[in-house]
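The values are calculated or read from the model by the stated rules, or taken from the named source; none is laboratory data. All figures in this text were calculated on a predicted structure; none of them were measured in a lab. A quick note on method: Cβ atoms are made from the backbone with ideal geometry, for glycine too, and the neighbour counts reach across all protein chains shown.
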Amino acid sequence: MLQLGALQVYLLSDGVVQVDAGGMFGLVPRALWGRMVAPDAENRVPMHLRCLLVKVGDQNIVIDTGLGNKLDEKHRRQWGLERPQGDLLAGLARAGVAPAAVTLVINTHLHADHCAGNNFFDAAGALRPTFPQARYVVQRREYEDAMRPNERTRATYIPLNYEPLHLSGQLELLEGDTELAPGVRGVVTPGHTPGHMSVVLEGGGQAAVFLCDLATYLVHFEKLGWMTAYDVEPLITLETKRAWQQWAMQHHAYLISAHDPQPVARLRPDEHGTARIIPVDLAQD
């Protein structure tokens, strides 16, 4: 758990999936990325499904909801989904938070691995919100793009995960950077998608940012030219990372990763002034 003034930030897992390394590293040669992560026999690398719980005042805020529990066995196998710590709901239970006690759900974007846990099918087959009392939010641009997928994006934009919530009024659409709770700010970080959002957390003179897919692995944040094949606008990703690198170093900020096996790091300039990722062990920090 990370304490930032009045904010308590819990890093929760919805599992680990296996994805093709070509998707994760795009144009980066294997001779380079292979020094950092070893692929399996099918050229897959692990991608953690990390979500956050932020407790502030009387609010319980969930940031991203993972793959959830709507997948059939075929799709679980395709994802290579494993949950050694249980799913997001199990993590919330360990933190003492029931689904009905969640007050806000922030969807950083609407790719299935970040929002499929928004809802679930009950025993009667009815689709219900996972967090019945919560307000859900996402950027308007993200929602509009997700509702008009093309040949490249339609495999991961699945309206079932978000459209019913919007039609019911439970999902609200944001217009740019928005303060969502004391010390919790949604910021548009385009590139992975035009409406992609990261979340800045500030309190007690400290700062953190949940990067989400601005940098899928932490090394993607360190190396401006490295980005995934999934990024819709890779050159915009590069410039967005350039700006947020400066912010991270100026604020001595914690970087929280959605997908890297290493969950938290900071960015420091080396002796040549080049930005370098420094892993953080929260238990010792």
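Just one of (1) in contact (Cβ under 8 Å) with a residue 40 or more places away in the chain; (2) more than 16 Å from the chain's Cα centre (by Cα); (3) closer than 13 Å to H109 by Cβ fails for L174. It is (1).
Looking across L92, L71, L127, L110, one residue alone is within 21 Å of I256 (Cα to Cα) and in contact with a Leu (Cβ under 8 Å, 6 or more places away or on another chain). It is L92. When T274 is tested against the conditions (1) in contact (Cβ under 8 Å) with a residue 12 or more places away in the chain; (2) over 23 Å from V138 (Cα atoms), the lone failure is (1).
Here segment 252-282 is the region considered, the condition is being over 25 Å from L81 (Cβ atoms), surrounded by 17 or more Cβ atoms within 10 Å (Cβ to Cβ) and of a type outside the set (A, V, I, L, M), and the residue that is farthest from the chain's Cα centre (by Cα) is R266. Filtering segment 103-143 to residues that are closer than 20 Å to M197 by Cα and among the hydrophobic types (A, V, I, L, M, F, W, C) leaves L104, V105, I106, L110, A112, C115, A116, A134, V137, V138.
Okay, residues lined up against (1) closer than 19 Å to G117 by Cβ; (2) surrounded by 14 or more Cβ atoms within 10 Å (Cβ to Cβ):
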{"site": "V17", "(1), (2)": "yes, yes"}
{"site": "G23", "(1), (2)": "no, yes"}
{"site": "G34", "(1), (2)": "no, yes"}
{"site": "V37", "(1), (2)": "no, yes"}
{"site": "A41", "(1), (2)": "no, no"}
{"site": "V54", "(1), (2)": "yes, yes"}
{"site": "G57", "(1), (2)": "no, no"}
{"site": "I61", "(1), (2)": "yes, yes"}
{"site": "D64", "(1), (2)": "yes, yes"}
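Selection within segment 154-186: residues that are charged (D, E, K, R) and part of a loop (DSSP other than H, G, I, E, B). The member of this set that is modelled with the lowest pLDDT is R154. Residues of segment 153-177 that are under 21 Å from P190 (Cβ atoms), in contact with a Leu (Cβ under 7 Å, 6 or more places away or on another chain) and of a type in the set (A, V, I, L, M, F, W, C): L171 alone. Restricting attention to segment 198-214, the residues being among the aromatic types (F, W, Y) and either modelled with pLDDT under 95 or touching a Lys or Arg at 6+ places or on another chain (Cβ under 7 Å) (or both) number 0.
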